[in-house]
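Participant: Quick one: the structure is below, questions incoming.
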Amino acid sequence: MAGPGAYPGVRDGDADPALVHLGDVFGERFGGPPSHLSRAPGRVNLIGEHTDYNDLPVLPMALQREVKVAYRGRDDEVVRVANVSGEFAPVEFRVGPGIERSAPGHWGNYVKAPFDELARRFGIRKGLDGVVTSDLPVASGLSSSSALVNAVGIALTQVSGLALGPLELADIMAEAERYTGTRGGGMDQAVSMAADSGHATRIDFAPLRMRSIAIPSEWRIVVADTGVRAEKSGRAQEAYNARRRECEEALAHVVANVGLERSGGSDMTYPAMLDTLGFDGALAAGEAALDGKLLRRFRHVVTEARRVDQAEVALSTGDAEGFGALMIGSHDSLRDDYGVSSPELDALVACAREGGAAGARLTGAGFGGCIVALAVSDTVAGVLDAIRTGYDPGPVAGPTAGQAFVAVPSRGASVRPW
């Protein structure tokens, strides 16, 4: 068995304790050092929630927290992947299309997803040995699952010799993640794969396009955890998938009611509808065609898309107050029209605002997880203190309740020799 620090990291003399430990775990489990290290960051979505799977824009940024995979290719079809966290049991399977899923919610499905997708698309058959580590909180709305899919995906492309650009691979990984049963959009994979350091990213879909927007140097993006897990592959999956079905149903009713099916057919999308009717026309058409839950879902999606456009302008001009007001509007809409907030999320948003944040909102799918708040250099300490002292998590929250950090807009995924 290798001794401590025998495989210290990606460069001679690397002193990163996490990489030292990662190399040690790999050596103890598989013998010898890994050949490569892949990494993919989590993300925090600044605004544009539940819009990506409706092909409408989003405005996230990649985080400094990330998933890393130390790995070494194999000459056969076997895949063996362990995790440095004792919470996650090792997974082992063979490469090929139609890989048998693990139980719903099992972390191994996020490892299997890229292998299954790339085997179907490109006929890959090479396996690998890997060890995963992460400093992203699990099921927190910060895209730890998509970061894992991306980190495994880029490792697999390197092992298999696939030459895929970041946007192409991000699109493929978005499709791959649906293997887990969640009908998500493509935001998480795209920003995790291709973000620019120091920037937020405006992402549009069908086709996938990305535009980087610098975050003003005095802005501080605060992320705070409710301590309530929001597992899209677990308890929250059906509620998440239901929102997507409701959006599709609402759109179909509106399209039929205004006669757009004659010009756009049943494949009319939200962007095409908005291009045809305009924002006010779309809201009016929704009011005429819908009521109850479907109207609320439709109204959120349309108004949230407009908020993304307005937030992009506020970000580009450094208007923190304007951006913050849009975040507040987003949270209100997610709570009242989309029904994905929670008492813990609402309480944490209130704490951030009372501490001086220009705005705050839930981030990610909702149902728990994290909030994001906008402060500036002069107010960030007050926001963090208000969260630390004012948040009462309640009985269902776990040990991460009230933990907060200042997010650093970071670069997208990469792979390099160990």
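Participant: Near the amide H of Gly185, under 5 Å away, which other amide H atoms are found, from residues 5 or more places off or on another chain, if H is placed in the peptide plane?
Facilitator: Answer set, sorted by chain and number: Tyr53.
Participant: Ordering Ser217, Ser145 by how much accessible area each has at a 1.4 Å probe, largest first, what is the list?
Facilitator: Most to least solvent-accessible, the answer reads Ser217, Ser145.
Participant: Convert each backbone phi in segment 217-223 into a coupling constant with the Karplus relation 6.51 cos²θ - 1.76 cosθ + 1.60 (shift: θ = phi - 60°), then list the ³J(HN,Hα) values in order as whole Hz, x for Gly and Pro.
Facilitator: 5, 8, 6, 10, 9, 9, 10
Participant: Okay, moving on. Just name one of Val254, Ala381, Pro90: the one whose Cα is farthest towards the positive end of the charge dipole of the chain (beta-carbon charges, Lys/Arg +1, Asp/Glu -1).
Facilitator: Pro90
Participant: Provide the gained length on full extension for the span Glu92 to Phe405, in nm with one decimal, where the gain is 0.36 nm per separating residue minus the Cα-Cα distance.
Facilitator: Numbers: separation 313, 0.36 × 313 = 112.68 nm, distance 3.49 nm.
Length gained, Glu92 through Phe405: 109.2 nm.
Participant: Between 0 and 90 degrees, rounded to the nearest ten: what's the tilt of helix 166-177 against the longest Cα principal axis of the chain?
Facilitator: Once rounded, the angle reads 90 degrees.
Participant: In the set (1) 68, 52, 40; (2) 73, 48, 42; (3) 144, 46, 32, which value of Cα extents along the principal axes in Å was calculated from the structure you see?
Facilitator: (1)
Participant: Now for a different question. Which value, in Å² and to the nearest 10, is the accessible area of Ile172 when all protein chains are kept and the probe is 1.4 Å?
Facilitator: The value for Ile172 is about 10 Å².
Participant: Also, quick follow-up: How much accessible surface area, in Å² rounded to 10, belongs to the heavy atoms of Tyr391 with a 1.4 Å probe?
Facilitator: Near enough 20 Å² of accessible area.
Participant: Considering only DSSP states other than H, G, I, E and B, which GluC sites (Glu not before Pro) in segment 71-132 qualify as loop sites with at most 13 other Cβ atoms within 10 Å? It would help to have the intermediate numbers written out before the result.
Facilitator: Numbers: sites: Glu77, Glu87, Glu92, Glu100, Glu117; in loops: Glu77, Glu87, Glu100.
In loop regions of segment 71-132 (DSSP not H, G, I, E or B), the sparsely surrounded GluC sites (Glu not before Pro) are Glu87, Glu100.
Participant: So how far, in whole Å, is the C-alpha centre of segment 170-243 from the one of segment 144-158?
Facilitator: The distance from the Cα centre of segment 170-243 to that of segment 144-158 comes to 14 Å.
Participant: Using the Cα atoms as the points, what is the convex hull volume per residue of segment 40-133 in Å³? It would help to have the intermediate numbers written out before the result.
Facilitator: Working: hull volume 12.6 nm³, N = 94.
Convex hull of Cα atoms, per residue: 134 Å³.
Participant: Give me the percent of the accessible area of the chain that comes from carbon and sulfur atoms, probe 1.4 Å, all protein chains in place.
Facilitator: Values: 7870 of 16050 Å².
The value for the chain is 49 percent carbon and sulfur by accessible area.
Participant: Using only Cα atoms, locate the centre of segment 312-338 and the centre of segment 98-122, then give the distance between them in Å, rounded to an integer.
Facilitator: 36
Participant: Can you tell me the accessible area per residue over the chain, all protein chains present, probe 1.4 angstrom, in square angstrom? Intermediate results must be reported in sequence, preceding the final value.
Facilitator: Details: 16050 Å² over 418 residues.
Computed with neighbouring chains in place, this is 38 Å² per residue.
Participant: Also, I was wondering about something else. Which distance in Å, rounded to a whole number, links the C-alpha centroids of segment 58-91 and segment 361-418?
Facilitator: 23
Participant: Work out the charge dipole of segment 53-151 with +1 on the Cβ of Lys and Arg and -1 on the Cβ of Asp and Glu about the Cα centre, then indicate which of Tyr71, Gly123, Gly105 is farthest towards its positive end.
Facilitator: Gly123
Participant: Shifting gears a bit: Could you derive backbone 3J(HN,Hα) for segment 342-349 from the dihedral phi with the Karplus parameters 6.51, -1.76 and 1.60 (θ = phi - 60°), listing whole Hz in sequence and x where the residue is Gly or Pro?
Facilitator: Running phi through 6.51 cos²θ - 1.76 cosθ + 1.60 with θ = phi - 60° gives 8, x, 5, 4, 4, 5, 5, 4 Hz.
Participant: Calculated from DSSP H runs of 4 or more alone, at -39500 (n - 2.57) each and per residue, what is the 222 nm mean residue ellipticity of the chain, nearest 500?
Facilitator: After summing the helix terms and dividing by the residues of the chain, the value is -14000 deg cm²/dmol.
The values are calculated or read from the model by the stated rules, or taken from the named source; none is laboratory data. What you see is a predicted model, and the numbers here were worked out from it, not measured in a lab. Note that we place each Cβ from the backbone using ideal geometry, even for glycine, and neighbour counts take in every protein chain shown. The area values use the complete protein model at the heavy-atom level, side chains included, leaving out ligands, DNA and RNA. Shrake-Rupley method; radii C 1.70, N 1.55, O 1.52, S 1.80 Å.
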